[in-house]
Structure formats: C-alpha cells, structure tokens
1. Is it the case that the stretch 172-191 has a residue that's small (Gly, Ala, Ser), at pLDDT 95 or above, more than 27 Å from residue 242 (Cβ to Cβ) and in contact with a helix residue (DSSP H, G or I) (Cβ under 7 Å, 6 or more places away or on another chain)?
2. Report yes if residue 11 is touching a residue at least 60 places away in the same chain (Cβ under 8 Å) and within 16 Å of ligand 2 (Cβ to nearest atom), otherwise no.
3. When you scan the stretch 40-59, do you find a residue that is within 16 Å of ligand 2 (Cβ to nearest atom), among the hydrophobic types (A, V, I, L, M, F, W, C), surrounded by 12 or more Cβ atoms within 10 Å (Cβ to Cβ) and over 17 Å from residue 252 (Cα atoms), even just one?
4. Look at the stretch 224-242 and say how many of its residues are farther than 16 Å from residue 74 by Cα and touching a helix residue (DSSP H, G or I) at 6+ places or on another chain (Cβ under 9 Å).
5. I'd like to know if the stretch 335-344 contains one or more residues that are outside any helix (DSSP H, G or I), touching a residue at least 12 places away in the same chain (Cβ under 8 Å), open to solvent by less than 20 Å² (accessible area, probe 1.4 Å) and farther than 20 Å from residue 22 by Cβ.
6. Please work out which one of (1) surrounded by fewer than 19 Cβ atoms within 10 Å (Cβ to Cβ); (2) within 16 Å of ligand 2 (Cβ to nearest atom) is the condition residue 4 fails and give its number.
7. Just the residues that are within 21 Å of the chain's Cα centre (by Cα) and open to solvent by 10 Å² or more (accessible area, probe 1.4 Å), please, taken from the stretch 241-261.
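The values are calculated or read from the model by the stated rules, or taken from the named source; none is laboratory data. A quick note: this is a predicted structure, and the numbers were derived from the prediction, not measured. Cβ placement follows ideal geometry from the backbone for every residue including glycine, while neighbour counts extend to all protein chains displayed. All accessible areas refer to the heavy atoms of the entire protein, side chains included, with ligands and DNA or RNA removed. Shrake-Rupley method; radii C 1.70, N 1.55, O 1.52, S 1.80 Å.
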Amino acid sequence: MAQVSTRIANLAVSETLAMSQKSDELKAQGVNVINLSVGEPDFYTPDHIKAAAKKAIDENFSFYSPVPGYMSLRKAVCKKLETENGLRFKPQQVICSNGAKQAVCNAVLCVVDPGDEVIIPAPCWVSYIEMVKLAEGKSHIIHTGIEQDFKISPAQLEAAINPKTKAIILVSPSNPTGSIYSKSELKALADVLAKYPEIIIISDEIYEHINYVGKHESIAQFENVRDRVVIVNGVSKAYAMTGWRLGWMAAPQWIASACSKLQGQYTSGASSIAQKAAEAAYSGDQQCVEEMREAFMRRRDLIVKLASEIEGFKVNKPEGAFYIFPECSYYLGKSYNGKTIGTSADLAMFLLEEGHVACVGGLAFEAPDYIRFSYATSDENIIEAMRRVKETLAKLK
Ligand code: PMP
Ligand code: GLU
C-alpha cells in the first residue's frame, strides 16, 4: 500500500501548533477557551508597517523576489545588526526566509550530514529536534532544570562535545523557559566552543527584543567563534508579525550561499510584500517594539505572581520571551474521575478539557516535569486562566 516516507512518518507533529489547533477547535464548538499554548504576540502589526505593505502592493511588488531577499531588506538587516548588536555583516551574508523557522531549518540542512550530532540544550523549542531528524542527524540533548535557571554550564557543554558534533543550537532569550544567557555566561560557552573550530553555532535570537534585563547579547560578539556563528532572527516576535512569515539569518558566507541554493530549489524567495513590510519594520520608528516589551514585562510579573500561588507549581522568574515554565511533577500520578495524569502532556490535555485553558506539556520541549504557558495575551485572560488552572488542578487527588 502507498505510504508516506519514513522521514515523514518519523517526524513528530509540532505540539505547540497542535495544542493551539485543539484550542481553536474547542472554541469553534462554542467553548470559552483561553489559549496560552502557541507563542505569538497578541498585538496587531504596527500601522506604519502595514502601510508599507499596502504601498508595496500598489507599487507592484508582485514578482518573484531574489531568492535570498531584496537587497534593500538585507541592507536594512545589516544596519540593524551594526547599530543594535555591534556586528558587521555584508548584505550577501543575510538570507531572508519564510520565518525564523525556515532559517533555523535551512542552517541545519546545510551543515548536518547523516549521523552528525547537533547539541541541543533542553528544555528546547519543539522544532529543533525534528529539524535535525529531517537532516538525518542526531540530537544530543543537554538537560537542565529550574535549579540552574535552565542554562547549560560550560562543563556540561564540554562533556557533550565529541568527534561527531557538527553544530549546537543556542536560543537566548529562550523558548520555552524565558531564560537569558548573560554576556559572561555566553563568553564561557564561546571559550569552550573556541577549542572545537569545526562546530557551527546556530544562535536563535528571535526573542531578542523581548528582554526584561537589559541589552541583548549575541554569542557572535566573541571573536574566537565569530566566523562560525549563524544568527537567526526575524520580525515575528519583535514587531508582532507572526503571520507575515519573514525571518532571516546572518551567517558565514559559505553557509549563506548554501542556504540560498537550498531555498532556490525549495521555496524561492520569501513573500515580496512581507519583505517590504519587514524593511519598514527595521528602518522605521522602534517605539512600538519598546511598548510591546513593556506590556510583556507587566504581564510576566502578573503571571509569575499568580502561578506561584498555585499549589505544587515551582515557578522561576523568566528574564525574557513570553512564557512561564513551571515545574509541575507534583501533579503527575494524580487522578480525577478515574483518569490518571501520567505525563505533562496529559496534564496539558486535562487543563484544556477540564479547565478550558490551552497550554503545552513539557514533554514536547524535552522537559517532562514542566508545563508551558504563553502570556502573550491580555491581563484579563492571564488572571482568568490562572484562576481556572488553580481550580482545575485542585481536582486532582
Ligand atoms: N525560534 C524559536 C525559539 C521560536 O519560538 C519560534 C517561534 N515560532 C521560531 C524560532 C520561529 O519563528 P517564526 O515565526 O519567525 O518562524
Ligand atoms: N514559537 C511559537 C511557540 O513555540 C510558535 C509556534 C511554533 O512555531 O512552534 O509556540
């Protein structure tokens, strides 16, 4: 019988998107669900960015764009990297893609051969491991917990490296934990990686602007690793543009060229209209970014306070992104109405079905004792969602 390839059969469904879809299905049935599963800003795209997109349509930006993106956008990205991050890249080193998601996947596909290992500190975003699978590589997970603020130590990194290690994927601020590596912590990791010049560092910086502790630090600032860092970023989170699908990488030229070749056969250039909008985002007023950051910070404080009051939750105070990631093992093994909660995925399903709050179990992030709530939503939703979570969890005995 005809069937899908082993590659696709072995690929997991994106749990973040799946939980969000389940939440939408329940909503369509008339259930009042609060969706804290998918991580995306609840704000509308700022007006000046929308205006640039409308103008692009009127000016007939309706043809194929160059595969790596319009030169004007790639230059705007270089300017952003120089002024905000103190990093110099040539526009030729910038490749625009369909979201940061494609940029990470491009990087993985362009450097990983079958059997190669990719180091992934966990808790980690759901898609990294699956991207490595697509490249027929092997993920080498470094586990961390709340007691170390979910950050790997240089010793853990050193211990994970072996002759098969081809790349590492770092993300700061992190999804799902919100943790941020300080400059000195990044330097310590760079000092370890400096000893292994064959390892490519994929640095996912999509949450750069959702940072509550100060200046964004990129591992690319350290000269001893700089020539093998692939920075991934995009407009989805900072400018509330998740649906526009526009991300990019700034990479060593050989990787940028490889990604352009891959995209040329696979997707072509990203949406012409989204690119013009992204150009406006980078070259326009940055006040909107700051306003959204402030709102997220207020909500972070609110949800941390409310979640900390829930029995059995251990909550840390995330320094960035828009997720909390409480330890919830207290509830594993407990039951309600004859149903036992075996895993954090069961717990997330229980909260959705019984409490009408959508979230994502930690298993999908390689952290089975945790559960993720996105707080990119209104204060009212946060308050009501945490009330429901508290009430629903109290039913478990
Ligand atoms: N990296 C991380 C850590 C993310 O959380 C996301 C959000 N989906 C992405 C990359 C992808 O972002 P984009 O929407 O730009 O594809
Ligand atoms: N980054 C978001 C999340 O983790 C969006 C969904 C996804 O692409 O995984 O929820």
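1. Within the stretch 172-191, one or more residues are small (Gly, Ala, Ser), at pLDDT 95 or above, more than 27 Å from residue 242 (Cβ to Cβ) and in contact with a helix residue (DSSP H, G or I) (Cβ under 7 Å, 6 or more places away or on another chain).
2. In short, yes.
3. Yes, that holds for at least one residue.
4. Residues flagged as farther than 16 Å from residue 74 by Cα and touching a helix residue (DSSP H, G or I) at 6+ places or on another chain (Cβ under 9 Å) within the stretch 224-242 amount to 12.
5. No, because not a single residue in the stretch 335-344 is outside any helix (DSSP H, G or I), touching a residue at least 12 places away in the same chain (Cβ under 8 Å), open to solvent by less than 20 Å² (accessible area, probe 1.4 Å) and farther than 20 Å from residue 22 by Cβ.
6. Every listed condition holds for residue 4 apart from (2).
7. 242, 243, 244, 245
Residue-wise test of (1) without any contact (Cβ under 8 Å) to a residue 40 or more places away in the chain; (2) within 26 Å of residue 15 (Cα to Cα); (3) outside any loop (DSSP other than H, G, I, E, B).
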site	(1), (2), (3)
240	no, yes, no
268	no, no, no
273	no, no, yes
290	yes, no, yes
298	no, no, yes
302	no, yes, yes
306	no, yes, yes
312	no, yes, no
317	yes, yes, no
